[in-house]
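Below is one structure, written out as structure tokens; comments come after it.
Laboratory data are not the source of any read-out in this text; all were calculated from the coordinates shown. From a predicted model like this one, the values you see are computed outputs, not experimental measurements. A quick note on method: Cβ atoms are made from the backbone with ideal geometry, for glycine too, and the neighbour counts reach across all protein chains shown.
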Ligand SMILES: [Zn+2]
């Protein structure tokens, strides 16, 4: 087997370099990377120097990064290259060419060309970007030893990046980042769009599903518009993407869509977003809609080994716009992951506009969560536990008791101290709704009527009644007795009255009079004595006169 550190066995080899079918054609994955690993010069060099970096690479993104850096450093260190070339923010050295403060941009804005100075004939010219890069590779001792196929590939990659960069630099093109999701999903605003065809080849255009981005996730709408205000390329930016197992939050440019599916325009959008400081990572330009992990940071480093999630608040009423990255949605936790939906997750890579269960969602498995027993069951109902509502297995309601049509935890239902009927436990439920406190008895009752009755009963037992006032008082000394005259029977009966009332009536209404320490509400005006005391009076008088 080939000596390399990129894979350890046939299974790993298959994973990185296996054959895949694409549009009916069979191609080997990462063919260019394989050509590097297979190159005998490269392998010999690695073994000799002990630097295995090149034969440890496992993806194209890293391949480009590492090779580009090595080409630059080797060219810059070479004593044969006196001239400085600055392109795409990086410095190279050349034996013949240099760039000025325009950094390779052509004054006429031609996107595919690099403007340079030729020191052989002291003239300023322009050259196709791929060809120009090829010359930089040739001026690098490391670069020129690379297999032909790799050099061609790097030059093509540079040409694409260069075109994107120059498009972004055209003064008439503008980057827009805002909340207007409707426009970027409307054919009216997309270049070349009409009602019957969508040059952006997006099945979400004009569907009205863009409301998903306004209401379910934290996102922004990004686009590059041309001089006519038409969109050349667009994407969604997720502004809070969490990295699993870390506190790190990324701003992520989701898969880009562009006029005629042009990768250069997509690249221009990404470059403009990076330059404007709007994003920290993006879906690799040209990556397919099934690729949830083809994410790179703004320096081009692959993040495919990381797991990401976003908050998502979609429910069964939400309209869903097809998600290119965050496909697996856990509705319970309001999280969507950059992986396909599985188990009881919902799939967000849907084109129908509504949530769908994952493909392996099994209707026969219990799907409802029983909070009380902390497990999935077939059927649950709402129960109340210490004042909180939760779901419980309908088959296992033993700890709950039915009360007023609801199920309460057995400790949550107690008996009313007055009527003895069941009521909610005041410890966990609402005053003046589920129970009623009496300030008089200091007890809690099932209803306000019950409280009233209990208070009456309590007063009758412990308080003091005034017949005259028809009311109770707490203190015995506040009540006195008086003799009430019944004009029909002609008798006095003992009655009670509040002392305050008696004083008031006596003083202001000349009611009540006191004879020998007893209060009367009526007396015989003639004798000035209580009624029925005439006989007694006569006896008394005759006794007095006989003395
Ligand atoms: Zn009661």
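Observations on the structure shown:
- Legend: ranking of residues 541, 331, 423, 204 from fewest to most surrounding C-beta atoms inside 10 Å; resulting order 541, 331, 204, 423.
- Where a label projected 7 Å from the Cα of residue 128 along Cα→Cβ would reach, residues of region 67-109 with amide N under 18 Å: 106
- Computed with the Debye formula from one identical point scatterer per Cα of region 83-124, without solvent, the log10 of I(q)/I(0) at q = 0.17, 0.20, 0.21, 0.34 Å⁻¹ comes to -0.41, -0.57, -0.62, -1.21.
- For region 16-167: rounded, prolate or oblate by the Cα gyration tensor [a/c cutoff 1.5]: oblate
- Projected area averaged over orientations for region 359-415, convex hull of C-alpha atoms, nm²: 4.5 nm²
- With Cα atoms, 0 to 90° folded angle of helix 448-462 axis to the chain main axis: 40 degrees
- To the nearest ten degrees, helix 60-77 and the longest principal axis of the Cα atoms of the chain are 60 degrees apart.
- The modelled label-to-label distance for the pair residue 452/residue 440, using points 7 Å beyond Cα in the direction of Cβ, is 1.1 nm.
- Applying 1/(1 + (r/R0)^6) with r as the Cβ-Cβ distance of residue 421 and residue 510 and R0 = 45 angstrom yields a FRET efficiency of 0.30.
- Cβ-to-Cβ counts within 10 Å put 266, 475 in ascending order as 475, 266, the fewest first.
- Between region 103-119 and region 8-62, the Cα center-to-center distance that results, in Å: 35 Å
- Principal-axis analysis of the Cα atoms of the chain puts helix 129-138 at an angle of about 70° to the longest axis.
- Added length on full extension, which subtracts the Cα-Cα distance from 0.36 nm per residue, residue 261 to residue 494: 73.2 nm
- Beta bridges by DSSP in region 250-337, antiparallel share as percent, to the nearest 5: 85 percent
- Using equal-weight Cα scatterers in the Debye expression, the normalised intensity of the chain in log10 at q = 0.07, 0.08 Å⁻¹ is -0.64, -0.75.
- Neighbour-count ranking [beta-carbon atoms within 10 angstrom, fewest first] of 20, 381: 20, 381
- The ellipsoid that matches the Cα gyration tensor of region 118-227 has semi-axes, each √(5λ) in whole angstrom, of 41, 17, 14, with the longest given first.
- Per-pair calculated FRET efficiency, R0 = 45 Å: residue 120 and residue 227 via Cβ, rounded to 0.05: 0.70
- Alpha-carbon gyration tensor eigenvalues x 5, square-rooted, for region 368-458, Å: 32, 11, 8
- A compact globular protein would have a Cα radius of gyration near 2.2 N^0.38 Å; the ratio found for region 471-546 is 1.31.
- Here the gap between residue 179 and residue 351, fully extended at 0.36 nm per residue and compared with their Cα-Cα distance, gives a gain of 59.7 nm.
- Inverse mean reciprocal Cα-Cα distance (Kirkwood Rh) of region 174-347, Å: 16.2 Å
- Scattering curve values for region 421-513, log₁₀ I(q)/I(0), Debye with Cα scatterers, q = 0.14, 0.17, 0.20 Å⁻¹: -0.66, -0.79, -0.93
- 13 Å reach of a label modelled at residue 465, 7 Å along Cα-to-Cβ, counting backbone N of region 516-539: none
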